[in-house]
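Novice: Take a look at this one; I'll ask things after.
Quick note: the coordinates plus some simple rules give every number you see, no bench work behind them. Model, not experiment: these values are computed from the prediction. FYI the Cβ positions are ideal-geometry reconstructions off the backbone, even for glycines, and counts take in every protein chain you see.
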Amino acid sequence: MNSLTASAGQTAIVTGGAGGIGAAICRYLANAGHRVAVADLDGQAAARIAASLTGDGHLGLSIDVADESSVQRAFDHVTEAAGRPAILVAGAGVLFFKPDGQRPLIKEISLDEWQRTISINQTGCFLTCREYARRLPEGRSFGRIVTISSVTAQLGGYRSNAAYIASKAAVIGFTKALARELAPQGVTVNSVAPGLIDAPMLRQSLPQGRDSEAVAAIPLGRIGLPEDVADAVAYLVSEGSNYQTGTTIDVNGGYRMQ
């Protein structure tokens with residue numbers, strides 16, 4: 001096993017770790033033997049998730065990914081408590097709807113709503129990935145970054161508003177840029193683009209009783225589960241993904257086929 005090969009016992013940070021998809025990712029990482037720092041704006045929820053994980057050394061902490069100093073403090077805390085993170089899953093995100101659960105049109109989006117979405121989804125991804133990159137040791141070492149984009153970044157719509165779409169499209173471009181920069185240091189950087197996943201964000205616009213509306217457009221005939229996304233992340237942080245970087249894995253049941 002060379003120095004660039006994954007092994008159990010790495011330290012991982014998952015932002016947005018208390019959400020439906022984030023929590024599933026944390027469980028998969030813990031089950032693989034990694035120490036998981038569950039980082040979320042809701043620090044109490046993050047602590048509950050951390051306490052429920054299998055294995056030892058997990059921690060939950062509050063982070064505002066849109067705030068530079070908050071990101072720095074979070075990385076300081078994790079490094080002191082569990083060691084320098086070798087794995088980062090940048091999953092924190094926000095999607096807003098109108099009161100009736102419908103997506104607002106571009107002409108209806110306020111500047112505050114636009115800027116808040118960009119600051120969390122796009123700038124937050126940049127700040128957490130930059131902090132990870134700044135703490136890399138000299139030379140080559142094992143490292144994994146997985147960003148979370150969205151099928152909407154590639155389709156341009158459906159249930160998501162333009163601010164969310166633009167921010168998640170930017171994540172895909174940023175992932176490629178970071179992958180090129182960190183490749184000489186042995187770090188792979190990839191993205192996962194979920195489709196319709198049965199998580200709180202989807203349920204803001206699609207109540208349980210209306211699933212058939214969405215399923216009709218999905219070739220595999222079901223709405224995805226958080227574990228489906230976690231499976232893709234688990235692969236990208238594993239030994240088996242050593243030669244994969246700068247890519248985006250679609251997890252959407254065939255909803256978007258190229």
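Novice: When only C-alpha pairs under 8 Å and at least 6 residues apart count, what is the relative contact order of region 14-69, in percent?
Specialist: Result for region 14-69 is 34 percent.
Novice: Residues with beta-carbon under 14 Å from that of residue 231, excluding residue 231: net charge, scoring Lys, Arg +1 and Asp, Glu -1?
Specialist: Net charge around residue 231: -2.
Novice: Now for a different question. Residue 198's amide H: which non-local residues (gap 5+, or another chain) put their own amide H closer than 5 Å, with H modeled 1.01 Å from N in plane and none for Pro or chain starts?
Specialist: 224, 225
Novice: Computed from these coordinates, which is percent of Cα pairs over 27 Å apart: (1) 44; (2) 50; (3) 32?
Specialist: For percent of Cα pairs over 27 Å apart, the calculated option is (3).
Novice: Explain nothing, just the number: relative contact order of the chain, from Cα pairs under 8 Å at least 6 residues apart, as a whole percent.
Specialist: Over the chain, the number comes to 20 percent.
Novice: How tilted is helix 68-82 with respect to the longest principal axis of the chain? Cα atoms for both, answer in degrees (0 to 90, nearest 10).
Specialist: 50
Novice: About its Cα centre, how strong a charge dipole does the chain have in debye, to the nearest 20, once Lys and Arg get +1 and Asp and Glu get -1 at the Cβ?
Specialist: 360
Novice: Still on this structure, please answer the following. Show the residues, 5+ positions off or on another chain, whose built amide H is closer than 5 Å to the amide H of residue 149.
Specialist: Amide H neighbours of residue 149: 192, 193.
Novice: Output ³J(HN,Hα) for region 229-239: one whole-Hz value per residue in order, computed from phi by the Karplus curve 6.51 cos²θ - 1.76 cosθ + 1.60 with θ = phi - 60°, and x for Gly and Pro.
Specialist: 5, 4, 4, 5, 5, 4, 5, 5, 9, 8, 4
Novice: Give, as a single signed number, the net charge of other residues whose beta carbon lies under 12 Å from the beta carbon of residue 194, with Lys and Arg counted +1 and Asp and Glu -1.
Specialist: Once all neighbours under 12 Å are counted, the net charge is -3.
Novice: How far is it, in nm, from the label point at residue 155 to the one at residue 79 when both lie 7 Å from their Cα along the line to the Cβ?
Specialist: Calculated label separation equals 4.1 nm.
Novice: While we're looking at this one, here's another question. Given springs between every Cα pair under 10 Å in a Gaussian network model of the chain, which of 31, 242, 190 has the largest fluctuation?
Specialist: With Cα springs under 10 Å in the chain, the top fluctuation among 31, 242, 190 is at 31.
Novice: Per residue of the chain, what 222 nm ellipticity follows from adding -39500 (n - 2.57) for every DSSP H run with n ≥ 4, rounded to the nearest 500?
Specialist: Value at 222 nm, helices only: -11500 deg cm²/dmol.
Novice: Would you kindly state how much longer the chain becomes between residue 242 and residue 42 on full extension, computed as 0.36 nm times their sequence separation minus their alpha carbon distance, in nm to one decimal?
Specialist: 68.7 nm
Novice: If you plug each phi of region 84-91 into the Karplus form 6.51 cos²θ - 1.76 cosθ + 1.60 with θ = phi - 60°, what whole-Hz ³J(HN,Hα) values come out, in order, with x for Gly and Pro?
Specialist: Ordered by residue, 3J(HN,Hα) equals 4, x, 9, 10, 10, 10, 8, x Hz.
Novice: Considering only the other residues whose Cβ falls under 13 Å of the Cβ of residue 152, what net charge follows from Lys and Arg at +1 and Asp and Glu at -1?
Specialist: Surrounding charge for residue 152 is +3.
Novice: Lys/Arg Cβ at +1, Asp/Glu Cβ at -1, dipole of the chain taken about the Cα centre: which of 91, 19, 182 is farthest positive-ward?
Specialist: Of the options given, the answer is 182.
Novice: Read phi for every residue in region 20-37 and hand back ³J(HN,Hα) as whole Hz from Karplus 6.51 cos²θ - 1.76 cosθ + 1.60, θ = phi - 60°, with x for Gly and Pro.
Specialist: Each residue of region 20-37 in turn: x, 6, x, 5, 5, 5, 4, 5, 5, 5, 5, 5, 7, x, 8, 7, 10, 9 Hz.
Novice: Okay, which of region 158-173 sit inside 13 Å, backbone N to the point 7 Å along the Cα-Cβ direction of residue 96?
Specialist: Answer for region 158-173: 161-164.
Novice: Note the angle between two axes, namely the Cα long axis of helix 124-134 and the longest principal axis of the Cα atoms of the chain, as a number of degrees from 0 to 90, rounded to the nearest 10.
Specialist: 10
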